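See below for the structure under consideration.
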Amino acid sequence: VAIVVTDGRPQDGVQDVSARARAAGIEIFAIGVGRVDMHTLRQIASEPLDDHVDYVESYSVIEKLTHKFKEAFCVVSDLCATGDHDCEQICISTPGTYKCACKEGFTLNSDGKTCSACSGGSGSALDLVFLIDGSKSVRPENFELVKKFINQIVDSLEVSDKQAQVGLVQYSSSVRQEFPLGQFKNKKDIKAAVKKMSYMEKGTMTGQALKYLIDSSFSIVNGARPGVPKVGIVFTDGRSQDYITDAAKKAKDLGFRMFAVGVGNAVEDELREIASEPVAEHYFYTADFRTISKIGKKLQMKICIEEDLCECKSIVKFQTKVEDLINSLQR
């Protein structure tokens, strides 16, 4: 295995010698930094290119790729396939181990292995608001990827006045509410509104956006329902240009379940500050949007209110489908 790191355009030819290396059985990973020539990376790397070409905007975040390579180099058996597990219903393979899940209508017990039937009830309501970074650094192609991801999540929800409601806010140098909770009563209208969302393409005022989430998004006047669980999912790809501490703390103090998802140059200290407790289960980072599928594996079964999983059927359905949705998006 060879890992090539470069931040510019080569002063000699790479195509022929790279082909000879690959033909000799060398697996080549190409990492580009900053103003690298992407065509060169594709000439160097092994197939499939999606797995062997990576890009980071600066050397300061290159260490974020180490997790990817640890997984790429670690050959482990599929414990689910070999039957070497004790899950009652569903076994999900993860690198070097596995985890258990349950079929729809069941919830995982505290032992992490067995399942109990949910009794249903009226507790399936959820107010979910996406807070999306529309800053210039996101870039149009990634912004479209996030929009598609949001719509696939919407597909997994039971949208109605008594079940899931979805709101969407975009922020850059200012904050813009794309649509409030409850404005759209079905999936089709929500998805159409997401597709129409235009890219703001300016700064990164995450603190201002969090304050808007508190003051407006989860207010009754903007469609929030008293007594219904509130979940905020914050996407960002860079350092905030304003102060986030007070707003991040207030959101959690008010009982909002906050998830922070960082991409590229996002600052992990800021993600932790936004995320609810336990922080390790509520903040996620990926080097770029192409590897966002890894986040889905960690989001699964984390958003439901722990006190009574059976009372939030729509949330459980959302969690169990996130991984499949993101994997589909990546393909």
For Lys252, the lone unmet condition from (1) without any contact (Cβ under 8 Å) to a residue 60 or more places away in the chain; (2) at positive phi is (2)
Go through (1) assigned to a loop (DSSP other than H, G, I, E, B); (2) closer than 21 Å to Thr286 by Cβ and name the single condition Lys162 misses.
(2)
In the stretch 68-87, is there at least one residue being within 25 Å of the chain's Cα centre (by Cα) and at pLDDT 85 or above?
no
Which members of the stretch 177-202 meet the condition of being open to solvent by 40 Å² or more (accessible area, probe 1.4 Å), over 21 Å from the mean Cα position of the chain (by Cα) and closer than 19 Å to Val234 by Cβ?
Lys202
How many residues, within the stretch 1-51, are open to solvent by 30 Å² or more (accessible area, probe 1.4 Å), outside any helix (DSSP H, G or I), polar (S, T, N, Q) and more than 23 Å from Ser137 (Cβ to Cβ)?
1
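Consider the stretch 259-293. How many of its residues are among the charged types (D, E, K, R), open to solvent by less than 40 Å² (accessible area, probe 1.4 Å) and modelled with pLDDT of 90 or more?
Of all residues in the stretch 259-293, those among the charged types (D, E, K, R) come to 268-270, 272-273, 277, 281, 288, 290.
Still in the list and also open to solvent by less than 40 Å² (accessible area, probe 1.4 Å): 270, 288.
Subsequent filtering for residues that are modelled with pLDDT of 90 or more retains 270.
Total meeting the criteria: 1.
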Identity of the residue in the stretch 182-226, without any contact (Cβ under 8 Å) to a residue 12 or more places away in the chain and not hydrophobic (A, V, I, L, M, F, W, C), that ends up nearest to Asp242 (Cα to Cα)
Asp215
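For the stretch 220-235, which positions are open to solvent by 20 Å² or more (accessible area, probe 1.4 Å) and assigned to a strand (DSSP E or B)?
So the first thing to find is which residues in the stretch 220-235 are open to solvent by 20 Å² or more (accessible area, probe 1.4 Å), and the list is 220-223, 225-230.
Of everything in the stretch 220-235, just one residue is open to solvent by 20 Å² or more (accessible area, probe 1.4 Å) and assigned to a strand (DSSP E or B), namely Lys230.
Conditions (1) modelled with pLDDT of 95 or more; (2) open to solvent by 50 Å² or more (accessible area, probe 1.4 Å), marked per residue:
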position	(1), (2)
Ser124	no, no
Ser135	no, no
Leu168	yes, no
Ser174	no, yes
Phe218	no, no
At pLDDT 90 or above and within 26 Å of the chain's Cα centre (by Cα) - does that describe any residue in the stretch 20-30?
yes
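Are any residues in the stretch 236-258 assigned to a strand (DSSP E or B) and either out of contact with any Gly (no Cβ under 8 Å at 6 or more places or on another chain) or open to solvent by 20 Å² or more (accessible area, probe 1.4 Å) (or both), and if so, which ones?
To start, the set of residues in the stretch 236-258 that are assigned to a strand (DSSP E or B) comprises 236, 257-258.
Across the stretch 236-258, the qualifying residue is only Arg257.
The values are calculated or read from the model by the stated rules, or taken from the named source; none is laboratory data. Worth saying up front: this structure is predicted, and the values here are computed from it rather than measured. Don't worry about glycine lacking a Cβ; one is built from the backbone with ideal geometry, like all the others, and counts go over all protein chains shown. Remember, those area values only see protein heavy atoms, side chains included, never the ligands or the DNA or RNA. Shrake-Rupley method; radii C 1.70, N 1.55, O 1.52, S 1.80 Å.
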